[in-house]
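All remarks here apply to the structure that follows.
The values are calculated or read from the model by the stated rules, or taken from the named source; none is laboratory data. Fair warning: this is a prediction, and the values are worked out from it, not measured in the lab. Heads up, the Cβs are rebuilt from the backbone with ideal geometry, glycines too, and the neighbour counts pull from every protein chain shown. The area values use the complete protein model at the heavy-atom level, side chains included, leaving out ligands, DNA and RNA. Shrake-Rupley method; radii C 1.70, N 1.55, O 1.52, S 1.80 Å.
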Amino acid sequence: MPAWVIDKYGSNEVLRFTKNASFPIINYPNEVIVKVFAAGLNPIDVAMRGGYGAATLSMKRDPLNIKQSGSEFPLVLGRDVSGVIMECGLDVKYFRERDEVWAAIPPWKQGSLAEFVVLSANEVSHKPKCLSHIEAAAIPYVATTAWSALVNTGGLRKDNCANKRILILGGSGGVGTFAVQMVKAWGAHVTVTCSQNAERFLRGLGADHVVDYTAGPVEEPLSALEKFDLILDNVGGDTERWALKLLKPWSGSKFVTLVTPFMQNTDRLGVADGMMQTAATVASKALKHLMKGVHYRWGFFAPSGSALDEIRDMVDAKQIRPVVEETFSFSQVPQAFEKVEKGHARGKTVASNKNRKTSHYYFNV
């Protein structure tokens with residue numbers, strides 16, 4: 001089948017288009033094969049192209065270490081997919097052939113920059129009826145990442161979010177734009193940080209207060225505001241040095257960061273030592289901040305069809321909309337990688353090739 005693959009880790013020149021990629025097959029009775037109508041890239045795909053997380057992901061793919069090193073190649077990237085079910089395993093009851101679906105693909109699986117992809121049925125959800133495949137592919141990976149961080153780790157729900165004060169550091173990227181819309185739909189007061197030229201854009205998504213991080217040290221204007229119940233950190237760097245002081249102490253407030261050293265630790269130290277280093281780091285930080293009356297947590301992406309079911313209902317209710325910034329053709333997928341690599345996104349970038357005679361591809365980045 002046609003696909004964009006990499007045969008080794010590196011920069012953009014390792015991307016290779018082939019018409020002879022291996023066709024995915026159903027190995028377990030709960031799996032489905034999806035014909036890709038829209039596929040997606042996220043910053044993690046750019047990082048994975050360079051070898052980010054290789055040690056951890058290899059362990060996940062081959063926990064008994066049976067296969068040789070490099071057995072993941074040729075590797076297909078792309079974490080978002082919107083398309084149509086082509087085949088169902090024997091135990092799949094919730095989906096049928098020709099159902100329109102969307103999903104966030106775990107990073108240890110072959111991705112969606114291909115004609116077909118195989119997924120577990122519990123990672124898949126029926127696509128929102130009100131969205132095209134291109135629009136739908138802008139949402140799943142960032143949505144499930146934000147859901148995991150805010151709901152699973154942060155403890156937010158639609159019935160406990162009213163009047164909570166939420167701060168989102170780095171609000172104009174994919175996860176930020178989704179998180180703003182979700183917690184706003186649940187009744188929270190939302191403050192975001194972004195560059196000045198993104199302020200109008202984020203207010204349009206529902207942000208109540210916007211702080212320009214280019215105007216000077218961002219912690220100064222934030223410190224003048226009423227304290228927050230939850231902070232979602234998409235930025236990393238030195239934010240932990242000052243951000244936790246912005247939380248309401250001794251009231252169950254949480255700081256959840258999506259920028260963690262877990263993958264870097266396992267890549268650098270090996271899986272066992274890396275996990276020990278990671279556990280020690282997060283435990284010491286959690287204890288340090290707990291003594292100050294706030295909760296420190298790490299958030300991670302978690303694939304979830306059930307979360308996408310709830311997100312689909314919010315999309316169809318017009319509470320959340322996809323944010324598409326720029327389009328590329330399928331032949332320009334390397335240029336799309338370059339666009340994502342530059343950062344400072346305003347949501348997502350779409351690459352499509354509607355005129356392909358053999359298949360219809362819509363690749364969303």
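Scanning the range 13-34 for residues that are in contact (Cβ under 8 Å) with a residue 60 or more places away in the chain and either buried (at least 20 other Cβ atoms within 10 Å of the Cβ) or among the aliphatic types (A, V, I, L, M) (or both) returns 15, 21, 24, 25, 26, 31, 32, 33, 34. Restricting 285, 254 to residues that are over 22 Å from the mean Cα position of the chain (by Cα) and buried (at least 16 other Cβ atoms within 10 Å of the Cβ) narrows the list to 285.
If the condition is being open to solvent by less than 20 Å² (accessible area, probe 1.4 Å), hydrophobic (A, V, I, L, M, F, W, C) and either more than 13 Å from residue 149 (Cα to Cα) or at pLDDT below 95 (or both), then the range 295-327 contributes 308, 311, 314, 315, 320, 323.
Against the condition surrounded by fewer than 16 Cβ atoms within 10 Å (Cβ to Cβ), modelled with pLDDT under 95 and among the hydrophobic types (A, V, I, L, M, F, W, C), how does residue 215 come out, does it pass? Yes.
Taken as a whole, the structure places residue 237 among residues that are in a loop (DSSP other than H, G, I, E, B) and either not assigned by the TED database to the domain that holds residue 103 or not acidic (Asp, Glu) (or both). Being of a type in the set (Gly, Ala, Ser) and touching a strand residue (DSSP E or B) at 6+ places or on another chain (Cβ under 7 Å) holds for only one residue in 280, 345, 302, and it is 345.
For the range 222-244, which residues satisfy the criterion of being touching a helix residue (DSSP H, G or I) at 6+ places or on another chain (Cβ under 8 Å) and surrounded by 15 or more Cβ atoms within 10 Å (Cβ to Cβ)? Across the range 222-244, the qualifying residues are 222, 227, 228, 230, 231, 232, 233, 234, 240, 243, 244.
Across the range 183-205, the qualifying residues are those that are more than 21 Å from residue 248 (Cβ to Cβ) and in contact with a helix residue (DSSP H, G or I) (Cβ under 7 Å, 6 or more places away or on another chain), and the one among them that is most open to solvent (accessible area, probe 1.4 Å) is 196.
A quick yes/no check of all residues on (1) touching a Gly at 6+ places or on another chain (Cβ under 9 Å); (2) part of a loop (DSSP other than H, G, I, E, B); (3) touching a residue at least 60 places away in the same chain (Cβ under 8 Å):
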residue: 256; (1), (2), (3): yes, no, yes
residue: 265; (1), (2), (3): yes, no, no
residue: 273; (1), (2), (3): no, no, no
residue: 282; (1), (2), (3): no, no, no
residue: 289; (1), (2), (3): no, no, no
residue: 297; (1), (2), (3): yes, no, yes
residue: 309; (1), (2), (3): no, no, yes
residue: 322; (1), (2), (3): yes, yes, yes
residue: 335; (1), (2), (3): no, no, no
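Pairing each residue of the range 214-233 that is without any contact (Cβ under 8 Å) to a residue 12 or more places away in the chain with any residue that is in a strand (DSSP E or B) and open to solvent by less than 20 Å² (accessible area, probe 1.4 Å), provided the two are 6+ apart or on different chains, yields C-beta distances under 6 Å for 221/211. Annotation: of all residues in the range 337-365 being open to solvent by 20 Å² or more (accessible area, probe 1.4 Å) and not in a loop (DSSP other than H, G, I, E, B), the one that is modelled with the lowest pLDDT is 353.
Considering the range 36-56, and only residues there that are open to solvent by 10 Å² or more (accessible area, probe 1.4 Å) and either among the hydrophobic types (A, V, I, L, M, F, W, C) or more than 27 Å from residue 335 (Cα to Cα) (or both), the residue that is nearest to the chain's Cα centre (by Cα) turns out to be 44.
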